[in-house]
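Visitor: Structure below; questions to follow.
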Amino acid sequence: MKHTLYIQSFEAYLDKFFNLLLDYSPKLISAFIILFVGLYAIRLINRLVRKTMIRREIDPTLSKFLADSLLWAMRLLLFVTFISKLGIETSSFITILGAAGLAIGLSLQGSLSNFAGGMLIILFKPFRVDDTIEFQNVIGTVCEIQIFVTKLITSNNLTIFIPNGILSNGIIINHSKQGFRRADLMFSLSYDTNIKNAKDIVMQVMQNHPLVLKTPEPSIVVKNLTDSAIQIGIRPWSKNEDFGIMTSDILENCKTAFDAAGIVIQPYVREFSGE
């Protein structure tokens, strides 16, 4: 008798399930149609957006970030539409999502600052990849601009990551912006030196060097007359990629030329005041 009651109860539940499935099937089918069509449309739109940004030569870092942000925004919208079509109440879900977003935003204030700084760097381009920049006494070549940090490689092959928040709000010296730059070198010479003769020697050294640019012209100035020496400033120009070699060669060649001419390079003397 019990066995028969169990079978009847199971059949009743099964009938209810099929009736509910039949009543709910239009919503279920339409929801999954929206889901599959939406996923296909999202892929298509994302592909078109990426191609458009590439065609308009938008910065690769910015284009990737914008495309990814658009992708996830469309996926979230599709998910909300999908569950709404299934008959699930979405107002509470959106409230929870908003509260979670606020909590995450408050806990990641530093990261948001770096994110905003990265967007400013990408949009206004104070430097680009392969530029040599100086920031807070750190000099390096930019190898990657990410959303939160900028990656530099120094001349001795060290990798430095600088948060974009402080980078965008600080003083950045871009050594590569103009394509060429000037060296500011200095020699301290004895007071017995004939200044005109010394300047002629230095000018000859700079004019004979193949990496010193003819335009802008190199120059020599008397920077200071100290208690112990005549300080002359040497200002040659070169291309950015030749700057290090050119600077080293000019210093060496000037020293050799001064020695040959009998011009004495005055050693630096630190003067101390005493009672």
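Visitor: Take the residue pairs 177/199; 64/125; 196/223; 151/239; 125/151 and return only those whose Cα atoms are more than 19 Å apart.
Guide: Table pairs above 19 Å Cα-Cα are 177/199; 151/239.
Visitor: How would 63, 84, 238 line up from fewest to most surrounding beta-carbon atoms within 10 angstrom?
Guide: 84, 63, 238
Visitor: Ok, one more. How far apart, in nanometres, would the label points at residue 134 and residue 215 be if each is projected 7 angstrom from Cα along the Cα-to-Cβ direction?
Guide: For the pair residue 134/residue 215, the computed spacing is 2.7 nm.
Visitor: How far is it, in nm, from the label point at residue 75 to the one at residue 245 when both lie 7 Å from their Cα along the line to the Cβ?
Guide: Between residue 75 and residue 245, the simple spin-label model gives 4.9 nm.
Visitor: Enumerate the amide H contacts of residue 150 below 5 Å, restricted to partners 5 or more residues apart or on another chain; note that Pro and chain-start residues carry no placed amide H.
Guide: Under 5 Å from the amide H of residue 150 lie the amide H atoms of 162, 164, each far enough along the sequence or on another chain.
Visitor: Please give the FRET efficiency for residue 156 paired with residue 124, using the beta carbon to beta carbon distance and R0 = 35 Å, rounded to the nearest 0.05.
Guide: The value I calculate is 0.70.
Visitor: Here's something else I'd like to know. Under a 5 Å amide H to amide H cut-off, with H placed in plane at 1.01 Å, what residues pair with residue 222 once short-range neighbours are removed?
Guide: So residue 222 has HN proximity to 233.
Visitor: Along the charge dipole of the stretch 126-198, pointing to its positive end and built from +1/-1 on Cβ of Lys, Arg, Asp and Glu, which listed residue (155, 197, 165) has its Cα farthest out?
Guide: Of 155, 197, 165, it is 197.
Visitor: Apply the Kirkwood formula to the stretch 176-275: the hydrodynamic radius equals the inverse of the mean of 1/r over all pairs of different alpha-carbon atoms; give it in Å with one decimal.
Guide: This gives a value of 14.3 Å.
Visitor: Residue 203 to residue 228: extension gain in nm, 0.36 nm per residue of separation minus the Cα-Cα distance?
Guide: 6.6 nm
Visitor: Using the number of other C-beta atoms within 10 angstrom as an exposure proxy, rank 150, 81, 132 with the fewest first.
Guide: The order, fewest Cβ neighbours first, is 81, 132, 150.
Visitor: Using the Karplus curve 6.51 cos²θ - 1.76 cosθ + 1.60 with θ = phi - 60°, what ³J(HN,Hα) values do you get for each residue of the stretch 64-74, in whole Hz, with x for Gly and Pro?
Guide: Working through the residues one at a time gives 5, 5, 5, 5, 5, 5, 4, 4, 6, 5, 5 Hz.
Visitor: When a footprinting reagent is the concern and you count Cβ atoms within 10 Å, what order do 130, 59 take, fewest first?
Guide: Fewest-to-most Cβ neighbours within 10 Å comes out as 130, 59.
Throughout, read-outs are computed from the coordinates displayed, never taken from laboratory work. Please read these numbers as outputs of a predicted model, since none were measured by experiment. Every residue, glycine as well, gets a Cβ built from its backbone with ideal geometry; the counts of neighbours run over all protein chains shown.
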